[in-house]
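Participant: Please see the structure below; I have some questions.
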Amino acid sequence: MKAPFGSFFLMKQFDYIIVGQGLAGTVLSFRLQKLGKTVLVIDKHRELTSSKIAPGAYNPMVLKRFTPCWMVEKQLDPLYTFIREFEEKFKLTIHEPIKLHRLFKSVQEQNLWMEKSEKKSLAAFMNPSFIPNTNQFIDAIFGYGEVNHSGRVRLGTMIAAFRAHLLLENSLIDQDFDFSSLSYTNDSVTYKSFTASKIIFCEGHRLSLNPLFNYLPLMRTKGELLTVRIKGLNLKEHLKSSVSILPLGGDLYKVGTTFNWDEKDELCTENAKSDLLARLSSFVNLPVELINHEVGLRPTVKDRRALIGQHPVHKSLFVFNGLGARGLLISPLLSLEFTSYLEQGTSLNTEVNINRYQDLYPC
């Protein structure tokens, strides 16, 4: 792996090599280019990945318990800044502000919502007034709680736009990464005929197959979701109940998603489909037409924190991964902190730094 670099062919120099162009790789590459850095991205095109099929919805709360997301007070400004800069550069709209309603199932949930909305850490995100249900086709006799600062980003559009940009710049290799073609020292890396000072792995769930970082406890969490048509529902808000239903326009909705920690394949299952449809029908009283059934593997970590940092031995190797189900919300903030760490030597947040798993690295 660490053989001397050959000198018989012309090398093309970049500042960074990024492996993977899902959500993490796209946000990080965009951030590095904004800093004036040259980036080579290596990513095999796949029609269906967890980033591309994800609904792209975000909100600042854990709605099961009415608690704020981790570090949410620092996440929203970087998210909105990233969206604005991306839209300005590529002259397209990827962001759609959309109201989020949490369906109450009992008076107790209403009371808990009122109690939590008075807390300083949550007041900005929770409308303390109950929203009455006015849709005759939805069972919600206790109404809804409305979440502020929620919305949707069209991740598939975002990733495709950035990929086209990379292709125009001759900064994309469309192939699976070949570890046998990687050489490195503590100061530089070479991949085939390309060199860089650093390489960063943003492979999503495929990090578990990476021989350099597979000691990290990344889990491949299977998620399935549906696209359905419900004629006449006329739902305008993103609704969270026993299942999430997100309006796409034209009577189409995204319904999901499941979490399966046991199965590691990317095959749609009848069990997941039946479960999602059953949960949907528990509060939606209209016929549902199934349009599409999709599956992806999320990169998740047991402690629910990302995996970011430098290899414990090889100093030119880095990872930016494990963003999980809330990757959209947190990736702009973490990419800011990570690029500052890379370029200015600032410290990483200890809760996401992979140093917390140094004991797992084989000596």
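The values are calculated or read from the model by the stated rules, or taken from the named source; none is laboratory data. Owing to the predicted nature of the structure, the values given are computational and were not obtained by experimental measurement. Quick reminder, even Gly has a Cβ in these numbers, built from the backbone with ideal geometry, and neighbours come from all protein chains shown.
Participant: Please count how many residues of segment 33-51 are surrounded by fewer than 22 Cβ atoms within 10 Å (Cβ to Cβ) and touching a strand residue (DSSP E or B) at 6+ places or on another chain (Cβ under 8 Å).
Facilitator: Step one: filter segment 33-51 for residues surrounded by fewer than 22 Cβ atoms within 10 Å (Cβ to Cβ), giving 33-38, 44-48.
Those left that are additionally touching a strand residue (DSSP E or B) at 6+ places or on another chain (Cβ under 8 Å): 33, 37-38, 48.
Residues that pass the stated criteria total 4.
Participant: When the residues of segment 200-232 are filtered to those that are surrounded by fewer than 21 Cβ atoms within 10 Å (Cβ to Cβ) and part of a strand (DSSP E or B), which remaining residue is nearest to the chain's Cα centre (by Cα)?
Facilitator: This residue is Gly223.
Participant: Something else now. Of everything in segment 155-199, what is assigned to a loop (DSSP other than H, G, I, E, B) and out of contact with any His (no Cβ under 8 Å at 6 or more places or on another chain)? Give them in sequence order.
Facilitator: Glu169, Asn170, Ser171, Gln175, Asp176, Phe177, Asp178, Thr185, Asp187, Ser188, Lys192, Ser193
Participant: The conditions are (1) surrounded by 14 or more Cβ atoms within 10 Å (Cβ to Cβ); (2) assigned by TED's automatic domain parsing to the domain that holds Val228; (3) acidic (Asp, Glu), and Glu337 fails exactly one of them. Which is it?
Facilitator: With respect to (1) surrounded by 14 or more Cβ atoms within 10 Å (Cβ to Cβ); (2) assigned by TED's automatic domain parsing to the domain that holds Val228; (3) acidic (Asp, Glu), Glu337 is out only on (2).
Participant: What tally of residues in segment 240-266 results from selecting those that are hydrophobic (A, V, I, L, M, F, W, C), in contact (Cβ under 8 Å) with a residue 40 or more places away in the chain and closer than 18 Å to His101 by Cβ?
Facilitator: Counting residues in segment 240-266 that are hydrophobic (A, V, I, L, M, F, W, C), in contact (Cβ under 8 Å) with a residue 40 or more places away in the chain and closer than 18 Å to His101 by Cβ gives 1.
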